């Protein structure tokens with residue numbers, strides 16, 4: 001029984017680490033994409049203004 005609970009705890013910790021890692025990855029790339037879109041939108045508005 002002790003072995004099963006240890007394996008379960010390790011498995012849950014692994015899932016939590018993977019979840020946090022993927023969440024951070026998505027957040028980072030979403031931020032990067034959002035900033036790039038803002039730069040492109042401002043460039044387009046500058047072109048339209050002239």
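Bear in mind that the values in this text are calculations on the coordinates, not laboratory data. Note that the coordinates shown come from a computational prediction; the quantities given were computed from them, not determined experimentally. Note: ideal-geometry Cβ built from the backbone for every residue, glycine included; neighbour counts use all protein chains shown.
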_Cα centroid separation - the range 1-21 against the range 23-42, whole Å_ = 32 Å
*Once the Cα atoms of helix 2-49 and of the chain are each reduced to a long axis, what angle between those two axes, in degrees from 0 to 90 to the nearest 10, is obtained?*
0 degrees
*asked:* From the helices alone, meaning DSSP H stretches of at least four residues, give me the mean residue ellipticity at 222 nm for the chain, per-run term -39500 (n - 2.57), in deg cm²/dmol to the nearest 500.
replied: -36000 deg cm²/dmol
*Quick one: if you stick a label point 7 Å off each Cα along the C-beta vector at residue 48 and residue 25, how many nm between them?*
3.6 nm
*Scattering profile of the chain at q = 0.20, 0.22, 0.30, 0.31 Å⁻¹ [log10 I(q)/I(0), Debye over alpha-carbon scatterers]*: -0.74, -0.79, -0.97, -0.99
